[in-house]
Each structure stands twice: as structure tokens, then as C-alpha cells.
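What follows is a set of notes on a single structure, which appears directly below.
The values are calculated or read from the model by the stated rules, or taken from the named source; none is laboratory data. What you see is a predicted model; the values in this text were computed from it and never measured. All Cβ positions, even for glycine, are placed from backbone atoms using ideal geometry, and neighbour counts span all protein chains on display.
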């Protein structure tokens, strides 16, 4: 009987844990509208440059995803109000096959390149040198691939 109870509890955990983890992520119908509405509520005057939103496939699944660049925001005359010596916030969203988007990462970076690396498209994130355990002034370059719903670090220099 004890063994049957343990098997039942394990089966319920396998069923409930994935459902609970998905419930923690908010599905957004359109991140561009979501982010712009957020800043329109935060700022008296919010202006967005054309590059504020970029749409392209970031996880190599053939579905168009989205990246927002907060350095391309002017809030009440302040360009990139959340930008600092560590860079500016970038939000990375992947589009679900069923529709809607899920934010998979927020990064405070100087910028990024999206390049082909061994047949897959990957990000080369440019960020503060401390993220590469350095104290010099040369930006850290971290190569990451989006696999599933998360960033996987390939290399850093």
C-alpha cells in the first residue's frame, strides 16, 4: 500500500509540475503592444525609435520571435532611462506554436550580433567585462543559443 501511495504521488508530481511552471510564465499576445503600453503608462511622453522592436527567429524553430531594445526608447526626453554603465535592458520573447509570446530573458547589455555559428543562428551578447570575470575595459562577448525557452551559453571571452 505504501508503495502504491508513493507511485501515485510521483505520478501527480509529473503531471502538476510542468503545468505549474507554465502558469508562472505570462503569455503575451503581442510584446510590442505590451511593452509600448507599459512605457506609455510610465512616461508622460514615450517615443519609440523604429529599432525598439526587432522581429526574427531567435530559437531556430522557423517561427518569428521578438527582441525589444530599451535604448531605443525616449521617456520624457530621457533616452534609455534604464540604461547605465552595464548597458541597456533587452527583452527576448519567443513565440509559442499555439500563439502568443513568452519572455525568456531580460539582459542588461551593450548590444548584440545575431550570427551563424556551426549552422545555427546564435547571439553574441556584448556586455560589461565582469560577466567574463575580467576587470579590463574591453566588453565581454558571450555567445549564446536559444534552446527551448532558455539561453544556453556556448562561450565567453
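Output the number of the condition that residue 105 fails; it satisfies all remaining conditions of (1) surrounded by 14 or more Cβ atoms within 10 Å (Cβ to Cβ); (2) over 17 Å from residue 154 (Cα atoms).
Only one criterion in (1) surrounded by 14 or more Cβ atoms within 10 Å (Cβ to Cβ); (2) over 17 Å from residue 154 (Cα atoms) is unmet by residue 105, namely (2).
When only residues in the range 83-95 that are in contact with a strand residue (DSSP E or B) (Cβ under 6 Å, 6 or more places away or on another chain) and touching a residue at least 24 places away in the same chain (Cβ under 8 Å) count, which is nearest to residue 52 (Cα to Cα)?
91
Looking only at the range 119-132, which residues are more than 15 Å from the chain's Cα centre (by Cα) and within 13 Å of residue 155 (Cα to Cα)?
Passing the criteria: 131, 132.
Each row is one residue, and each column tells you yes or no for (1) farther than 23 Å from residue 101 by Cα; (2) at pLDDT 95 or above; (3) part of a loop (DSSP other than H, G, I, E, B); (4) over 18 Å from the mean Cα position of the chain (by Cα).
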| residue | (1), (2), (3), (4) |
| --- | --- |
| 10 | yes, no, no, yes |
| 13 | yes, no, no, yes |
| 16 | no, no, no, yes |
| 19 | no, no, no, yes |
| 22 | no, no, no, no |
| 44 | yes, yes, yes, yes |
| 51 | no, yes, no, no |
| 62 | no, no, yes, no |
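Quickly run through the range 71-89 and pick out the residues that are over 17 Å from residue 40 (Cα atoms) and out of contact with any helix residue (DSSP H, G or I) (no Cβ under 7 Å at 6 or more places or on another chain).
84, 85, 86, 87
Could you grab me the full set of residues in the range 61-88 that are loosely packed, with under 14 Cβ neighbours inside 10 Å and at positive phi?
62, 76, 77
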